[in-house]
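A quick write-up on the structure given underneath.
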Amino acid sequence: MGSIAKKILEEHIVEGKYEVGEEIGIRIDQTVTQDATGTMAYLQFEAMGLDKVKTELSVSVVDHNTLQTDFKNPDDHRYLQSVAAKYGIKFSRPGNGIIHQVFLERFSRPGKTLIGSDSHTPTAGGTGAIAIGAGGLDVAVAMGGGPFYLKTPTIVGVKLTGELKDYVSAKDVILEVLRRIGVKGGVGKILEYYGPGIKTLSVPERATITNMGAETGATTSIFPSDEITKEFLKLQDREDQWVEIPEGTNEDFDEIIEINLSELEPLVAKPHSPGNVVPLSELYGTTVDQVAIGSCTNSSLKDMLTVATLLKGRKIHQNTVLGISPGSRQVLMHLSKTGGLTDMISAGARLLETACGPCIGMGFAPKTNATTVRTFNRNFLGRSGTKSAQAYLVSPEVAVAAAIFGEFTDPRKLGDYPKIEMPSSIEIDDSLILEPADKPEEVEIMRGPNIAPLPEFQPVPEDFIGTKVLLKVEDNITTDHIMPAGAEILPLRSNLPKISEHVFEQVDPSFPKRALESKENGGGLIIGGENYGQGSSREHAALAPMYLGVKFVLTKSFARIHRDNLVNFGILPLTFSNSADYDKINDNDVLEIKGVRNALENNEKIIVRNVTQGFEIETTYDLSERERQIVLTGGKLSYTVAST
């Protein structure tokens, strides 16, 4: 039988050979974008000068920037709709739902390859697809027919046995994985689920697990395609798209993790990391001020029916506020027709839009110093919109119990666990998914005043001279630290000069100004610890520093997507040969690299000299020949245009 991830990858290889650690280029069948990253991705696609996307399917979803406080977001929506119509892309309109829930329901297919400009694209792995999060430029190139490149990953088999107990859910499965391997334990790996326990999990439950596998740093996560997958696709009137992909066995994996579902208890990720996982019982009695249920992790119909049933006939605690975001219009319509929506509203829940909303800091921010309990996938500092808030990640069942009792408590206090019967049929209404134009040549691209032109991408010079250490940061710095989200900043995603004013503002508000001052005098660099750039795929976390003159980033290690994004925008990602050298460098030290261009051209060692303190540091750069050429050219867009 073999590993299903290996099977799909090998079927799609167009460059290289399947060998762990070696670079391969794979053919991409499908792409998906959301509006916060999609605007820049489509500007980059336009710059390639193509008439139409070359994928089997490309979808553009509006779900992040739906809070319309001025013209910026609606202008971007208009731009995205016109681009989709012109270039052969399906367009999911605002209100149709969250990117990964919509894609899971209407487009995900077993055996296909998908990349998306969002780190939680692996959600589609719940249906047996290789689905990978990537930077917007990588997605743009794939839409143009180019391969997607990655280092051949190690495949970790996650063997599930037993069956979940009442009030223990799929969210607890992935929290258990995070408890075991942490937020960087999946780097360079694919998590592939198998074993008798998978037969107890529906596709939405599987998708919860693959979605949040992104928090381990994994390349992707995947389940087999079996009769349960077929049942899900049949409900979506897509049974003809099902293909069987049998699960692997112990012999098919490089590593094995075994989880007995029967032994799991409700778990919680404490602030400020998805990997800070403890048993719920450790937090019993902790007051809860706010509860938010939804996000691409836990907003499926199964999740929402469970929440509605548990809330029926109850009232939320007088000191706790509850907000609920159904994952798609399809889910919302079913809740409305079957009474689930009434149960939620009657309990005192505030109904939020079918969008990312509070998960990305777009509204429903908690009060000062709040304890906010969320069914989301990330709880980074300040991501909720309130920097002083303490955000905890839980299952929908634990979230409902917290809302009812106003504190962390055993959800079994809610009584007998509801056995949710999924409908045998559901209304399919794709009227908010627009098809591309029949006459694309007649479509005019609509650009609002907030959409700024792409910057010029400069090739690497002969030397880096006078490069100043602008910032030194610790381990596990996230892309939220580098390029924050939220209602103030997300609308600037199509305006690079404006959004660059917010780089690292949660860490050091003076960073953008200091970086610009250094830009004309040798530029700047950033010193980082382990797992630098974990979290979101947002390429602005590389693009904006490039705009501010950052020449290279020197760290103990990088998260995969951010490292790729740095390469894509011509920023050299270096790592310490000796991690102890990290401690020797101070803020504002001036570093130089003589002959950097020559070293990259010839794949030679790069020595960084600390001019301020008078010593040298040996570095490494794990770049393929193709990646070195991208950096030398000044970024992937210049490289791609020059290659076509």
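The values are calculated or read from the model by the stated rules, or taken from the named source; none is laboratory data. Owing to the predicted nature of the structure, the values given are computational and were not obtained by experimental measurement. Glycine also receives a Cβ, built like all others from the backbone with ideal geometry; neighbour counts cover every protein chain displayed.
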Just the residues that are touching a residue at least 24 places away in the same chain (Cβ under 8 Å) and in contact with a Pro (Cβ under 7 Å, 6 or more places away or on another chain), please, taken from region 57-86. Val62, Asn65, Thr66, Lys72, Asn73, His77, Ala84, Ala85, Lys86
Within the group Gly145, Gly197, Gly185, which residue is touching a residue at least 12 places away in the same chain (Cβ under 8 Å) and assigned to a helix (DSSP H, G or I)? Gly197
Selection within region 255-307 - within 25 Å of the chain's Cα centre (by Cα) and among the charged types (D, E, K, R): Glu255, Lys270, Lys302, Asp303
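If you go through region 387-395 one residue at a time, do you hit one that is surrounded by fewer than 19 Cβ atoms within 10 Å (Cβ to Cβ) and more than 22 Å from Val173 (Cβ to Cβ)? Before the answer, list the steps.
Kept after step one, since they are surrounded by fewer than 19 Cβ atoms within 10 Å (Cβ to Cβ), are these residues of region 387-395: 387-388.
From what's left, more than 22 Å from Val173 (Cβ to Cβ): 387-388.
Yes, there is a match, as at least one residue in region 387-395 is surrounded by fewer than 19 Cβ atoms within 10 Å (Cβ to Cβ) and more than 22 Å from Val173 (Cβ to Cβ).
Yes or no, residue by residue, for (1) among the charged types (D, E, K, R); (2) out of contact with any Asp or Glu (no Cβ under 8 Å at 6 or more places or on another chain); (3) touching a residue at least 12 places away in the same chain (Cβ under 8 Å); (4) under 30 Å from Leu80 (Cα atoms):
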site	(1), (2), (3), (4)
Gly406	no, yes, yes, no
Ile420	no, yes, yes, no
Ile426	no, yes, yes, yes
Asp430	yes, yes, yes, yes
Val443	no, yes, yes, yes
Pro449	no, no, yes, yes
Pull up region 57-85, narrow it to residues that are crowded, with 19+ Cβ neighbours inside 10 Å and acidic (Asp, Glu), then point me to the one that is nearest to the chain's Cα centre (by Cα). Asp63
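For region 1-43, give me the residue count where each residue is outside any helix (DSSP H, G or I), among the hydrophobic types (A, V, I, L, M, F, W, C) and under 22 Å from Asp63 (Cβ atoms). Walk me through how you get there before you give the answer.
If we filter region 1-43 for residues that are outside any helix (DSSP H, G or I), which is where we start, we get 1-3, 13-34.
The next check asks that each one be among the hydrophobic types (A, V, I, L, M, F, W, C); those that pass are 1, 13-14, 20, 24, 26, 28, 32.
Those still in the list that are under 22 Å from Asp63 (Cβ atoms) too: 28, 32.
Selection size over region 1-43: 2.
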Is it true that Lys413 is assigned to a helix (DSSP H, G or I), free of Cβ contacts under 8 Å to residues at least 40 places away in the same chain and over 27 Å from Thr66 (Cβ atoms)? yes
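Strands (runs of 3 or more DSSP E) wholly in region 229-288 with at least 3 residues that are loosely packed, with under 15 Cβ neighbours inside 10 Å - which ones?
255-260
Of the residues Gly16, Gly49, which single one is assigned by TED's automatic domain parsing to the domain that holds Val158, of a type in the set (Gly, Ala, Ser), surrounded by fewer than 23 Cβ atoms within 10 Å (Cβ to Cβ) and modelled with pLDDT under 95? Give the derivation first.
Values: Gly16 fails: modelled with pLDDT under 95.
Step by step, each of Gly16, Gly49 is checked, and only Gly49 is assigned by TED's automatic domain parsing to the domain that holds Val158, of a type in the set (Gly, Ala, Ser), surrounded by fewer than 23 Cβ atoms within 10 Å (Cβ to Cβ) and modelled with pLDDT under 95.
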How many residues of region 113-138 are over 15 Å from Pro246 (Cα atoms) and either of a type outside the set (Ser, Thr, Tyr) or not in a helix (DSSP H, G or I) (or both)? The answer is 18
Within region 520-541, does at least one residue satisfy the condition of being touching a strand residue (DSSP E or B) at 6+ places or on another chain (Cβ under 9 Å), in contact (Cβ under 8 Å) with a residue 24 or more places away in the chain and of a type in the set (D, E, K, R)? yes
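Output the number of residues of region 446-502 satisfying the condition of being touching a strand residue (DSSP E or B) at 6+ places or on another chain (Cβ under 9 Å) and assigned to a loop (DSSP other than H, G, I, E, B). Break it down into steps so the answer makes sense when it comes.
Here is the first cut: in region 446-502, the ones touching a strand residue (DSSP E or B) at 6+ places or on another chain (Cβ under 9 Å) are 460-461, 463-479, 482.
Within this subset, residues satisfying the condition of being assigned to a loop (DSSP other than H, G, I, E, B) are 460-461, 463, 473-477.
Within region 446-502, residues that are touching a strand residue (DSSP E or B) at 6+ places or on another chain (Cβ under 9 Å) and assigned to a loop (DSSP other than H, G, I, E, B) number 8.
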Among the residues in region 603-616, are any within 27 Å of Arg538 (Cα to Cα), out of contact with any Cys (no Cβ under 8 Å at 6 or more places or on another chain), aromatic (Phe, Trp, Tyr) and modelled with pLDDT of 95 or more? no
